[in-house]
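K.L.:
One structure, as structure tokens, below. Some questions next.
Every read-out reported here was derived from the displayed coordinates using simple, explicitly stated rules and does not represent laboratory data. Computed from a predicted structure; not experimentally measured. When we count neighbours, we look across all protein chains shown, and the Cβ atoms used for this are built from the backbone with ideal geometry, even at glycine.
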Amino acid sequence: MNSSLANIWTISKRELAGYFASPVAYVFIVIFLLLTGFFTFMVGGFFERGEASLTMSFFVWHPWLYLFLVPAVGMRLWSEERRLGTIELLLTMPITAWQAILGKFLASWLFLGLALALTFPVVMTVNYLGNPDNGVIFSGYVGSLMLAGAYLSIGCMTSAMTRNQVISFIVSVVICLFLILAGWPPVTRMLEIVSESPRLVEIVAAFSVMTHFDALQRGVLDTNDLIFFASMIVFSLFTTSVIIRGHRAG
Amino acid sequence: MINVQHLSKAFGPKLAVNNVSFTVERGEVLGFLGPNGAGKSTTMRMLTGFIPPSSGRVLVGGHDMVEDPIPAKRLIGYLPENAPAYTDMTVYGFLNFAAELRGVQGDARKKAVYRVVETCFLDAVLHQSVETLSKGYRHRTCFAQAIIHDPDILVLDEPTDGLDPNQKHEVRGLIRRMGEKKAIIFSTHILEEVEAACTRAIIIDRGQIVANGTPVELKQRSDVAGAVCLRIAKVAAAVVSQKLAQLPTARKSAVLKEDAAAVTARVFPQPNCRNGELAVSISDLALREGWKIEELHTEEGRLDEVFRSITLPDTTKEERK
Ligand SMILES: Nc1ncnc2c1ncn2[C@@H]1O[C@H](COP(=O)(O)OP(=O)(O)OP(=O)(O)O)[C@@H](O)[C@H]1O
Ligand SMILES: [Mg+2]
């Protein structure tokens with residue numbers, strides 16, 4: 001157990017160092033912060049709303065921002081490994097494929113977490129201007145982190161499918177988009193009209209990250225929603241391991 | 001230490017490795033030869049646990065590679081084909097990472113890194129990014145990674161590929177030295193390497209083992225093995241071949257080259273001829289005839305010839321004739 005944690009940490013460290021060895025990491029963080037700032041203050045109307053809350057101005061944009069930014073972080077995870085051939089080194093080390101998958105995933109999740117943590121000035125601003133419910137904000141951050149993790153696990157899966165990062169990126173954007181749209185009110189309304197079966201709409205919507213993220217950003221820290229994201233991560237990482245095993249089997 | 005039993009690998013309908021069995025013990029250096037696409041790399045990938053076999057099994061130090069991979073992998077150092085390495089790391093960072101995954105801790109890790117840096121002559125590039133390394137240096141870096149935990153077993157896929165002649169020489173020496181205490185298996189296309197470093201060689205062709213023996217044994221399968229080659233000064237070729245043909249120990253002889261200065265001929269022994277018997281009878285003959293022998297030696301056989309005769313498809317052989 002101890003050594004498996006050590007292995008995971010070794011791999012995570014390398015992966016994180018890899019992000020920061022190139023300017024890509026800094027560029028990513030700057031873009032992320034600029035975009036969140038832009039959407040929160042310019043599009044979300046943070047000041048005009050006059051609410052001491054981040055729900056509608058800040059968190060509401062995250063599923064859409066992540067839609068492009070998270071696959072950009074995840075696309076290199078395994079495709080680069082396959083392109084360089086280092087996967088052959090990695091998987092002949094005395095570690096399990098699971099440790100490698102988890103180590104890589106956690107590293108990029110940590111990286112996204114760091115980017116998210118750097119949005120703290122928004123929290124300070126809202127606290128300076130008013131008296132927000134910081135519990136709701138906390139719940140929103142938890143939701144946002146889980147959402148990023150879920151998208152990332154999908155990016156992990158698609159990057160294992162191909163050695164081409166661009167393809168990996170596109171496929172994971174498409175999957176993430178589907179997961180957003182399945183529960184997006186305009187789409188659910190349309191589905192209701194088309195299908196006339198509220199049951200079907202419910203089932204489709206249950207697969208959407210939106211329904212679950214919505215509750216969290218409103219401050220409802222429901223374990224069901226957390227379990228939803230966690231199981232999505234587990235499922236995608238499991239699929240990743242199946243795909244990797246598939247390649248090796250030929 | 002390595003025990004390979006009836007190993008096969010199919011990629012779709014194509015059988016890349018077909019029922020291969022062999023063992024490598026400590027103190028042995030096994031050379032793995034074969035034409036392109038013969039299945040050398042595929043066999044090594046199964047040995048090291050990168051790809052699972054379609055059938056058969058691999059035992060490494062008594063551990064089954066499929067059922068008990070972690071202890072098996074611990075014993076192995078592996079240099080994959082084309083020497084992959086993380087391009088976003090420095091040489092030092094890469095070696096340190098490999099050592100860490102191998103479970104080498106703390107001070108021992110630093111020592112291990114500096115030890116392999118010395119063995120593989122990497123001082124000059126220690127803090128250079130892997131991305132900017134020349135091919136030979138990248139190869140050496142990946143080689144260094146394979147020996148960083150001083151493993152009992154080394155699997156090296158074309159370890160001298162891309163190295164300069166000095167480094168090739170160095171690596172062969174290294175393999176031979178390490179082979180005294182380890183079990184080593186390495187593939188190569190350079191046949192001198194087999195003679196220079198191997199205690200045993202396997203030739204594999206289209207997925208199957210077609211020859212397995214010491215380099216000397218393999219060379220003896222050559223057509224010219226045991227034949228005597230001689231050069232005689234200032235004598236007519238016709239006389240030479242007539243006299244040689246009369247030797248009871250000679251099966252046949254051929255004049256390879258003739259000019260005013262000398263005649264070069266090759267004499268093949270009778271099948272029941274003892275080692276050296278033919279050479280002795282030829283030198284007796286030369287004494288009797290008063291020939292001036294400029295050169296006389298028994299041929300050991302040539303590995304490249306054996307390799308070619310074993311691995312060329314029959315149709316190509318026909319065409320050549
Ligand atoms: N992943 C794969 N999928 C399909 N076929 C493969 C795969 N890997 C190898 N092969 C095929 O298996 C055969 C053996 O390949 P292998 O790489 O083992 O040859 P090799 O002996 O190492 O050749 P070389 O001397 O060129 O390195 C080849 O015909 C190759 O095309
Ligand atoms: Mg090969």
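K.L.:
Straight-line reach from B:LYS14: which lysines have a Cα under 27 Å away, not including same-chain ones fewer than 8 places off?
P.N.:
Straight-distance partners of B:LYS14: B:LYS40, B:LYS317.
K.L.:
Rank B:ALA254, B:VAL239, B:LEU287 by how far each Cα sits towards the positive end of the charge dipole of the stretch B:228-298 (+1 on Lys, Arg Cβ; -1 on Asp, Glu Cβ) and give me just the farthest.
P.N.:
Farthest towards the positive end: B:ALA254.
K.L.:
Please give the calculated 222 nm ellipticity per residue for chain B, where each DSSP H segment of at least 4 residues contributes -39500 (n - 2.57) and the sum is spread over every residue; nearest 500 deg cm²/dmol?
P.N.:
Helix contribution divided over all residues of chain B: -10500 deg cm²/dmol.
K.L.:
Here's a follow-up. Restricting attention to the stretch B:50-150, which chymotrypsin sites (Phe, Trp or Tyr not before Pro) occupy a DSSP loop and are surrounded by at most 16 other Cβ atoms within 10 Å?
P.N.:
Here the chymotrypsin sites (Phe, Trp or Tyr not before Pro) that fit, given the DSSP loop and packing criteria, are B:PHE121.
K.L.:
Given a cut-off of under 8 Å on Cα pairs at least six residues apart, what relative contact order in percent is computed for chain A?
P.N.:
Relative contact order here is 25 percent.
K.L.:
Summing +1 for each Lys or Arg and -1 for each Asp or Glu, what net charge is found among the other residues whose Cβ lies under 10 Å from the Cβ of B:GLY213?
P.N.:
Computed value for this residue: +2.
K.L.:
Pick out which of A:THR239, A:THR211, A:THR96 has the largest mean-square fluctuation in a Gaussian network model of chain A, springs linking Cα atoms closer than 10 Å.
P.N.:
Between A:THR239, A:THR211, A:THR96, it is A:THR96 that shows the largest mean-square fluctuation.
K.L.:
What lysines sit close enough to B:LYS110 to cross-link, taking a C-alpha to C-alpha distance under 29 Å and skipping anything fewer than 8 places away on the same chain?
P.N.:
A:LYS13, A:LYS104, B:LYS73, B:LYS135, B:LYS168, B:LYS181, B:LYS182
K.L.:
Continuing with the same structure: Would you mind counting up the charge near A:GLY130? Only other residues with Cβ under 15 Å from its Cβ, with Lys and Arg at +1 and Asp and Glu at -1.
P.N.:
Value of the local net charge: -2.
K.L.:
Counting other C-beta atoms within 10 Å, and keeping those with at most 14, which DSSP coil GluC sites (Glu not before Pro) do you find in the stretch A:188-250?
P.N.:
Filter output for the stretch A:188-250: A:GLU196.
K.L.:
Ignoring GluC sites (Glu not before Pro) that are buried or in helix or strand per DSSP, and keeping those with at most 14 other beta carbon atoms within 10 Å, what is the longest stretch of chain B between them?
P.N.:
Looking at chain B, B:181-321 is the longest stretch - no exposed GluC sites (Glu not before Pro) with at most 14 other Cβ atoms within 10 Å.
K.L.:
Show me, for the stretch A:9-16, the HN-Hα J-couplings you get by feeding each phi into the Karplus relation (A = 6.51, B = -1.76, C = 1.60, θ = phi - 60°), rounded to Hz, glycine and proline as x.
P.N.:
Ordered by residue, 3J(HN,Hα) equals 5, 4, 5, 4, 4, 4, 5, 5 Hz.
K.L.:
In degrees between 0 and 90, to the nearest 10, how far off the longest principal axis of chain B does helix B:277-289 point, with axes built from Cα atoms?
P.N.:
40
K.L.:
Then there is this: Sort A:PHE235, B:PHE22, A:PHE213 so the one with the fewest other Cβ atoms within 10 Å of its own Cβ comes first.
P.N.:
Ascending Cβ contact count within 10 Å gives the list A:PHE235, B:PHE22, A:PHE213.
K.L.:
Just to compare against my own numbers: the Cα pair-distance distribution for the stretch A:2-245, 5 Å bins, whole % per bin, please.
P.N.:
Histogram of Cα-Cα distances, whole percents per bin: 1, 6, 13, 17, 18, 15, 13, 9, 5, 3, 1, 0.
K.L.:
Another question, if that's okay. Mind jotting down a quarter of the surface of the convex hull over the alpha carbons of chain B, in square nanometres, one decimal?
P.N.:
Averaged projected area of chain B's Cα convex hull equals 21.1 nm².
K.L.:
When chain A is modelled as a GNM with alpha-carbon springs shorter than 10 Å, which of A:ALA17, A:ALA25, A:ALA107 fluctuates the most?
P.N.:
Between A:ALA17, A:ALA25, A:ALA107, it is A:ALA17 that shows the largest mean-square fluctuation.
K.L.:
Then there is this: Calculate the FRET efficiency for B:SER134 and A:VAL166 from the Cβ-Cβ distance with a Förster distance of 30 Å, rounded to the nearest 0.05.
P.N.:
So the FRET efficiency works out to roughly 0.55.
K.L.:
Taking amide H atoms as placed 1.01 Å from N in the peptide plane, list the residues 5 or more away in sequence, or in a different chain, whose amide H sits under 5 Å from that of B:LEU156.
P.N.:
B:LEU79, B:ILE185, B:PHE186, B:SER187
K.L.:
Relative contact order of the stretch B:138-208: what whole-number percent is it, with Cα pairs under 8 angstrom and at least 6 residues apart?
P.N.:
The normalised contact order for the stretch B:138-208 reaches 34 percent.
K.L.:
Find how many whole Å separate the alpha carbon centroid of the stretch A:140-177 from the alpha carbon centroid of the stretch A:186-226.
P.N.:
First find each Cα centre; the distance between them is then 20 Å.
K.L.:
Next up: Inverting the mean 1/r over all pairs of different Cα atoms, compute the Kirkwood radius of the stretch B:228-298 and quote it in Å.
P.N.:
It works out to 11.8 Å.
K.L.:
How many nm is it between the label spots at A:HIS247 and A:VAL30, if each spot is 7 Å from the Cα in line with the beta carbon?
P.N.:
3.2
K.L.:
Quick one: of the DSSP bridges fully inside the stretch B:54-189, what percent are antiparallel, nearest 5?
P.N.:
25
K.L.:
Still on this structure: Connecting C-alpha atoms closer than 10 Å in a GNM of chain B, tell me which of B:GLN145, B:GLN167, B:GLN270 has the biggest fluctuation.
P.N.:
Answer for the Gaussian network model of chain B: B:GLN270.
K.L.:
Please enumerate, by chain and number, the lysines with C-alpha under 16 Å from the C-alpha of B:LYS234, excluding those fewer than 8 residues away in the same chain.
P.N.:
Cα-Cα hits under 16 Å: B:LYS243, B:LYS257, B:LYS292.
K.L.:
Relative contact order for chain B: what is it in percent, counting Cα pairs under 8 Å that are at least 6 residues apart?
P.N.:
Relative CO of chain B lands at 19 percent.
K.L.:
Let me ask another. Over the Cα atoms of the stretch A:1-130, how large are the radius of gyration and the largest Cα-Cα distance (Dmax), in Å?
P.N.:
Looking at the stretch A:1-130, its Cα Rg and Dmax stand at 18.3, 58 Å.
K.L.:
Angle, helix A:24-37 long axis vs. longest principal axis of chain A, Cα atoms, 0 to 90°, nearest 10?
P.N.:
Once rounded, the angle reads 10 degrees.
K.L.:
How big is the antiparallel share of DSSP beta bridges in the protein assembly as shown, given as a percent to the nearest 5?
P.N.:
Antiparallel bridges: around 70 percent, rounded to the nearest 5.
K.L.:
Can I ask one more? What does the helix-only formula give at 222 nm for chain A: each DSSP H stretch with n ≥ 4 adding -39500 (n - 2.57), the total divided by the residues, and the result rounded to the nearest 500 deg cm²/dmol?
P.N.:
It lands at -25500 deg cm²/dmol.
K.L.:
With angles folded into 0 to 90 degrees, how steeply does helix A:165-181 sit against the dominant principal axis of chain A? Use alpha carbons for both and round to 10.
P.N.:
With both axes taken from Cα atoms, the answer is about 40 degrees.
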